């Protein structure tokens, strides 16, 4: 895919060589960090081309074929410790999603970055990676009860209610 690096740290996708993009959303800009733009700029300086990933590594100035990309991934597997034997280019998509989730990204942000049509699809595939929210929901409910129930609790300590009787008049059941 031809991908010029625009100002403001965004990759601006252009039509795939020889074919249309998969969806209209595929043409949306992708925000990238400054560190990545520096790495990409250095790569382009080493291999000047109209293409971000040219076939220049094999000769010529055309985009890499999927087979060339997969061959590069196979070479990387041998050099990067911990990569599974079957690691492939598509696994980078899963890595991105899990990295964003682990960093606390919102579901809609993850959905947009990995180009899922709906947040439901993202949750179906990656929902198990979001942290357990049971403790935070318990804390939120506990805090609400603590604030709302404080006057009644204070009255219990001072003898305002008998035998733990907390009725509507005590403020706990107010709507």
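Six or more apart or on different chains, Cβ atoms under 6 Å: show the pairs whose first residue is in the range 60-84 and at pLDDT below 85 and whose second is outside any loop (DSSP other than H, G, I, E, B) and surrounded by 10 or more Cβ atoms within 10 Å (Cβ to Cβ).
Matching pairs, first to second residue: 61/54; 62/55; 64/55.
Conditions tested, residue by residue: (1) modelled with pLDDT under 85; (2) in a loop (DSSP other than H, G, I, E, B); (3) in the same structural domain as residue 97 (by TED's automatic domain parsing).
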residue: 19; (1), (2), (3): yes, yes, no
residue: 25; (1), (2), (3): yes, no, no
residue: 35; (1), (2), (3): no, no, no
residue: 44; (1), (2), (3): yes, no, no
residue: 49; (1), (2), (3): yes, yes, no
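Identify, please: which residue in the range 113-127 is in contact (Cβ under 8 Å) with a residue 24 or more places away in the chain and not in a loop (DSSP other than H, G, I, E, B) and is, among those, nearest to residue 32 (Cα to Cα)? Please lay out each step first, then the result.
Kept after step one, since they are in contact (Cβ under 8 Å) with a residue 24 or more places away in the chain, are these residues of the range 113-127: 113, 115, 117, 122, 125-126.
Restricting the remaining residues to those that are not in a loop (DSSP other than H, G, I, E, B) gives 113, 122, 125-126.
Numbers: 113: 10, 122: 20, 125: 23, 126: 21 Å.
Checking each candidate, the answer is 113.
So residue 161 ticks every box in (1) surrounded by 10 or more Cβ atoms within 10 Å (Cβ to Cβ); (2) touching a helix residue (DSSP H, G or I) at 6+ places or on another chain (Cβ under 8 Å); (3) modelled with pLDDT of 70 or more; (4) outside any helix (DSSP H, G or I) but one. Which box is left unticked?
Looking at each condition in turn, residue 161 falls short on (3).
Restricting to the range 86-100, name every residue that is in contact with a helix residue (DSSP H, G or I) (Cβ under 7 Å, 6 or more places away or on another chain) and either within 11 Å of residue 129 (Cβ to Cβ) or not in a helix (DSSP H, G or I) (or both). It would help to see each step written out before you state the result.
In the first step, residues of the range 86-100 are kept if they are in contact with a helix residue (DSSP H, G or I) (Cβ under 7 Å, 6 or more places away or on another chain); the result is 87-89, 96-98, 100.
Matches in the range 86-100: 87, 88, 89, 97, 98, 100.
The values are calculated or read from the model by the stated rules, or taken from the named source; none is laboratory data. Computed from a predicted structure; not experimentally measured. Glycine gets a Cβ as well: all are built from the backbone with ideal geometry, and neighbour counts include every protein chain shown.
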